[in-house]
Amino acid sequence: MNKLVMNFLVTEGYVEAAEKFQVESGTQPEVELGTITDRMAVRKAVQSGNMEDAIEKVNDLDPEILDTNPQLFFHLQQQRLIELIRNGRLEEALEFAQEELAPRGAENHAFLEELERTVALLAFEDTSGCPVAELLDLSQRQKTASELNAAILTSQSHEKDPKLPSLLKMLIWAQNQLDEKASYPHINDLVNATLEEPVA
Amino acid sequence: MPASAACTRSEILVESLSSLDTMARLKALRDVKNQIIGNKTKKLSYIKLGAVPRVVEILASDSDVPLLVQSAAAVGSFACGNDAGVKALLESGVLPHLLKMLSNSNSQVVEAGARSLKMIFQSTLAPKNDMFQFRRVDLILALLNGGNDNVAEVAASVLARCCETKEHQKILADAGCLHSLVGLLKGSVKGREAALDALAALTRGNQETSVLLDMEQGNDLACFIKLMKDKSPRTRLFACMCLLNIAEAFPSGYHQQEWDIKKCMLSTVLKLFEESGQVGEESPGVFADLVTNNEEMQKAAFESNAIEKLAEILDRGVVSARQLEGVLLAIAELCSRLEESRRQILNLQAQRHITMALESSIAGVRIAACTCIKSISRSVKNLRTSLTEERLLRSLFKLLDDPSPFVQVSALGAASNIVLDFTPDKAAFFNCGGVSQFIQLAQSKDSVIRQNAIWALRNLLYLADMMVKDRVMRELTLSILVDLISDSNERVQEQALAFVRNLVYGSVECVQLIFAEDGAILHAIERQLCVASCPEICIQGLYVLINVAAGSEHHKEAVMEFVSPVAAGSILVRFLEDMSNPQLRIAAVWCIMNLIHAESPGVFSRVLRFRDAGIQLQLQKMVEDPILDVKDRVKAALEQFSALGTSS
């Protein structure tokens, strides 16, 4: 059970909590807690819209990640373009799109569609009316941050999702399956996890 | 003007790489590194601007940790998935410096260097031969055993790329790599994968090293069997490769539950077809190896719907060359013996994909396509209906002129089967110029090509009509045929004789063909029958005589002159007495039977001559021949003798 908790804290990046938990329970974390700090710094940079910094940090952490993940790299550069547009630096944005994003589209045609969508932002003065306005949402930053986080975890040979949610899903699925065959005490309240007798 | 400004910026950056100021160098290095990571276009442009030698210079002469780490990272990035980068790096002499880094006292430096080395070795340009100099193998071994997971992983992946020749495999095995690699199997996921990759490469096609690996495991394959069910697809694939290599090293069986293990491998590899990347690409090829020459495995594969899954991959359209090659070879193996597989693959309309593969720019794909056609065309039913499509024929025959002799030979193999079709005029093959090509290739300097070309011609003449035979002989010419019959290579001789056998079969007119120019062809064959030691050659030669002896009286007498001259022994006795090969004995008896066929005028004199030469006596000795077919033939011949009223 402790391992599950530690796994959750590590994957989600709660460094201080993981450190405290290590002290209190004696559970060993699966990776060096130092790497979690690095990973969280990267995540924070993306969430603040500071893409150049995020790219530098992840390259310091592991230069292979962006070199071997063309889709991820494209999304980071896409986010960089979005941030330039958000900050009204439209000339720079145009130059960036030509210099940096166009070659990505040329190297890999699968990116062309998304590239077109992103560049469409430049065409609208009032971006709130733009059909691709969702790219400017902070949720887009979240998406990019998660993608990057997952890639870092994978490169550290760590599972990119914590085990706890999957286990809970399996519990619910198993109970559903068993319901067809037997009558037995359920766990209905996942927070308290008390066993409740079956209703007659 | 933005474009040229950027250009100048890059040029300045490259200059700064050689700055005397350490901080400036470091900043430029980081800048370049961050620009090129993930960015193929930038990599190429910085290579053009001459950044690589300057980065290597930093790697070689600087000792500051940050400079070393950053330059190693830049090197790795230049090399990553980029052959131009690898080339530039090797030309700048990066290898010895990277290797030196691996013995650095700072672990960060070692890891950075190791990563870059791995990137370089993933390229086909990797300096594999160089690794066997200056005791570098020992260095790599030390890294394997060093205890640093990441570095050990890199060492294993470098080794995996250095196993291209049997010699290299042996050197590495002798140095103790197998033991160290097996040690990594219990470690981290990535280390395990790299170790398995290396073990598979070390044992590939090499019985000695495969046996050594088996011994290393104490003849216990449980470890690999378990890894076949691992979470990671790469691990599963490499584990299968290792097991396969070991199985091939013990052809007479290596394990009690061999069949179960092989079936498990079959289903494992079959599922791996759906994976992306390297695993999806390599798994069809591994599958092909798994079912090679093993009819039971081929049946099991058929029942697991392997043909369907392979056809599905072909239908996908965008398939890498390696994967396509593997898929076609797998189909070829599965169809090599089983008619149901051939039927299924044709029902799934695979011909168009195979035809396109014949036109591929990759030689390996062309060869695989030919092998596929060769297997499928073994189906008599399908020959006339499914494989005579003009585009396929044209593309196939085009390959007879392929620059690669390997492609030529495989195209000949496929064409040989196809020309066996039963339309007597064989017009389609003349029309696409294939026949002329066969004849050309029959005069090649390469004996394997000669042999296969004559084989194709032999098949072409099978049950062909007189017009075809005339046309072929006019183009081939008598003198070339005579040369081939006395070729320096025994396999070629055998095929040449088989060609003549088909040439003279069928009618008196056909037989007459070999009497041209004073019977030059017949005499050449007779010479071979006297001197050849190889039974296969003699068998074909005898069948020529058998077919000639089925001709006119004149023809029978000509054969008789040779096999049993008046007042002399008969060379047939030698063949009748040869207990090493039943086919030889059968052929000799047939020859006799055709010569004493009751309805020909000179039969009685021939019977007497045979009797005088001791033939009837010899036949009587063979009444209890151990081979049933021979016994039957002998019985029939003796009946003929007694029916003709001779007793003795």
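The values are calculated or read from the model by the stated rules, or taken from the named source; none is laboratory data. Given the structure is predicted, the values throughout are model-derived calculations rather than measurements. Quick reminder, even Gly has a Cβ in these numbers, built from the backbone with ideal geometry, and neighbours come from all protein chains shown.
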- Message: Residue under question is residue A:31, and the condition is that it be of a type in the set (A, V, I, L, M, F, W, C), within 13 Å of chain B (Cβ to nearest Cβ) and not in a helix (DSSP H, G or I); does it hold?
- Response: yes
- Item | In region A:92-108, residue nearest to the other protein chains (Cβ to nearest Cβ) [restricted to those that are over 12 Å from residue A:80 (Cβ atoms) and touching a residue at least 24 places away in the same chain (Cβ under 8 Å)] | A:107
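Table: residues versus (1) buried (at least 16 other Cβ atoms within 10 Å of the Cβ); (2) within 29 Å of residue B:403 (Cα to Cα).
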position	(1), (2)
B:295	no, no
B:306	yes, no
B:320	no, yes
B:330	yes, yes
B:343	yes, no
B:370	yes, yes
B:374	yes, yes
B:390	no, yes
- If residue B:234 passes every condition in (1) at pLDDT below 90; (2) closer than 26 Å to residue B:182 by Cβ but one, which one does it miss? (1)
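Does residue B:630 satisfy the condition of being in contact with a Lys or Arg (Cβ under 6 Å, 6 or more places away or on another chain) and either in a helix (DSSP H, G or I) or among the β-branched types (Val, Ile, Thr) (or both)? So that I can check it myself, show each step before the final result.
Numbers: in contact with a Lys or Arg (Cβ under 6 Å, 6 or more places away or on another chain): yes; either in a helix (DSSP H, G or I) or among the β-branched types (Val, Ile, Thr) (or both): yes.
Yes, satisfied.
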- Residue in region B:68-80 that is at pLDDT below 95, in contact with a Lys or Arg (Cβ under 8 Å, 6 or more places away or on another chain), buried (at least 17 other Cβ atoms within 10 Å of the Cβ) and among the aromatic types (Phe, Trp, Tyr) present: no
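From the set of residues in region A:1-15 that are in a helix (DSSP H, G or I) and at pLDDT below 85, which is nearest to residue A:168 (Cα to Cα)? Don't jump to the end; show me each part of the working.
Restricting attention to region A:1-15, the residues satisfying the condition of being in a helix (DSSP H, G or I) are A:2-12, A:15.
Restricting the remaining residues to those that are at pLDDT below 85 gives A:8-12, A:15.
On the way: A:8: 13, A:9: 16, A:10: 18, A:11: 16, A:12: 17, A:15: 23 Å.
Once the filter is applied, the top-ranked residue is A:8.
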- For region B:180-213, enumerate the residues that are among the basic types (Lys, Arg) and either touching a Pro at 6+ places or on another chain (Cβ under 9 Å) or modelled with pLDDT of 90 or more (or both). B:192, B:204
- Inspect all residues belonging to region A:65-86 and state whether any of them is of a type outside the set (S, T, N, Q), crowded, with 19+ Cβ neighbours inside 10 Å, within 11 Å of chain B (Cβ to nearest Cβ) and touching a Cys at 6+ places or on another chain (Cβ under 9 Å). yes
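Going through region A:55-112 one residue at a time, which ones are out of contact with any Pro (no Cβ under 7 Å at 6 or more places or on another chain) and in a loop (DSSP other than H, G, I, E, B)?
Within region A:55-112, the subset out of contact with any Pro (no Cβ under 7 Å at 6 or more places or on another chain) is A:55-94, A:96-107, A:109-112.
Answer for region A:55-112, where residues must be out of contact with any Pro (no Cβ under 7 Å at 6 or more places or on another chain) and in a loop (DSSP other than H, G, I, E, B): A:62, A:63, A:68, A:69, A:87, A:88, A:89.
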- Condition broken by residue B:251, with the remaining ones in (1) free of Cβ contacts under 8 Å to residues at least 40 places away in the same chain; (2) within 24 Å of residue B:293 (Cα to Cα); (3) buried (at least 19 other Cβ atoms within 10 Å of the Cβ) satisfied: (3)
- Message: Please go through (1) within 11 Å of another protein chain (Cβ to nearest Cβ); (2) surrounded by 17 or more Cβ atoms within 10 Å (Cβ to Cβ); (3) modelled with pLDDT under 95 for residue A:55 and return the number of the only condition it doesn't satisfy.
- Response: (3)
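Return a yes/no flag: does region B:366-379 have any residue that is small (Gly, Ala, Ser), in contact (Cβ under 8 Å) with a residue 12 or more places away in the chain and under 27 Å from residue B:471 (Cα atoms). Reasoning before the result, please.
Initially, region B:366-379 is screened for residues small (Gly, Ala, Ser), giving B:368-369, B:375, B:377, B:379.
Those left that are additionally in contact (Cβ under 8 Å) with a residue 12 or more places away in the chain: B:368-369, B:375, B:377, B:379.
Right, trim to under 27 Å from residue B:471 (Cα atoms) and you get B:377.
Yes - at least one qualifying residue is present in region B:366-379.
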